[in-house]
1. Measuring from centroid to centroid over Cα atoms, what is the spacing of region 79-96 and region 43-73 in Å?
2. Explain nothing, just the number: relative contact order of the chain, from Cα pairs under 8 Å at least 6 residues apart, as a whole percent.
3. In straight Cα distance, which lysines are under 28 Å from LYS287, not counting same-chain residues fewer than 8 positions off?
4. From the protein chains alone at 1.4 Å, what is the descending order of accessible area for GLU230, GLU192, largest first?
5. Using a basic spin-label model with each label point 7 Å from the Cα along Cα→Cβ, how many nm lie between ALA158 and SER288?
6. Among the DSSP beta bridges whose two residues both lie in the chain, what percent are antiparallel, rounded to the nearest 5?
7. Applying the Karplus parametrisation 6.51 cos²θ - 1.76 cosθ + 1.60 with θ = phi - 60° to the phi angles of region 84-95, what ³J(HN,Hα) value in whole Hz is obtained for each residue in order, glycine and proline being reported as x?
8. Please list, short to long, the whole-number percent of alpha-carbon pairs of region 140-179 in consecutive 10 angstrom bins beginning at zero.
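The values are calculated or read from the model by the stated rules, or taken from the named source; none is laboratory data. For clarity, every value in this text was computed on a predicted model and none was experimentally measured. Cβ coordinates were reconstructed from backbone atoms using ideal geometry, including for glycine residues, and neighbour counts include every protein chain displayed. We work out accessible area using only protein heavy atoms, side chains counted, and drop any ligands, DNA or RNA first. Shrake-Rupley method; radii C 1.70, N 1.55, O 1.52, S 1.80 Å.
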Amino acid sequence: MKRLILMMTFLAFMSLNSVGVLASNTPSKYGVATSSDGELIAYSTSGRGETALIFIHGWSLDSRLWQNQLGYFSPQYQVITMDLAGHGNSSFNRKEYTMVAFANDIKAVVENEQLDSVILVGHSMAGGVIAEAAKLMPKKVKGIIGVDTSQNVALAFAQSDLEAMTKPFEEDFQKGMSVFVQGSLPKDVNTELLHWVTQDMASAPPAIAINQFRHYLGQYVSGKASQVYESVNVPVVLVNARLWPTNSEENKKHIKDYSIYYIEGSGHFPMLEKPNEFNTTLMEAVKSVK
């Protein structure tokens, strides 16, 4: 019932001209791939092209995040959207939701579709995921594009910082998620967009979402957030907002081939907030990889 309510909310949101949503009638095929640990990974594919763009959502979201991109990119590329394990329509049986495990979810889809050339586009948490996937599939991944992510891959957290950031979600998951989303969007954001993103993220099973959150930020405690790039030899492009400053000088110390584009006036969800501008900028980023 909760999933049905969320879908109805999403469909209503998609019809709102006030948030600049792009209509898309792009036909899609649906598939299920089996990840390395047996998790079932749901995905959709549309369009065609020598290079596939695989869009990966961030923490506690799902593939619906990318609805505004399907119609724009599918005339030139094969476009794949997917739900990582523990999200959306994929299975929820994993004990530990690590970035490497998520990277194996992507690999499962790549192998299921028999792809040889892919560019990975990852939002937020998925910035670390696509870096791990590029390390995992060096011959197939031609470039990775992070969306409002990796603002400073060398940022160092103490374990106490991680505990402090996790505490609000452990004490009251719904309230913690509401505060998180509000802080991730501009104060003048469309209220329907704010409501949909909040409800979508807060609908996740709390224990699973918190496990993912701990592994995501745990990279910055262990140092793996920057170490992974030692094995990434493809272009790394960021398409970031300015809500949270990006330290490009620090990123360049760890990333061999680095570039960045900005979406002005956006919060953490530019693909929803400014879909037209985002699509144009993302296309530039994709072309820069090729």
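1. If we compute the Cα centre of each part, the gap is 14 Å.
2. 20
3. LYS29, LYS107, LYS135, LYS139, LYS140, LYS142, LYS252, LYS253, LYS256, LYS274
4. In descending accessible area the options line up as GLU230, GLU192.
5. 3.6
6. 30
7. 4, 3, x, 9, x, 9, 7, 7, 10, 9, 5, 7
8. 23, 29, 34, 14, 1
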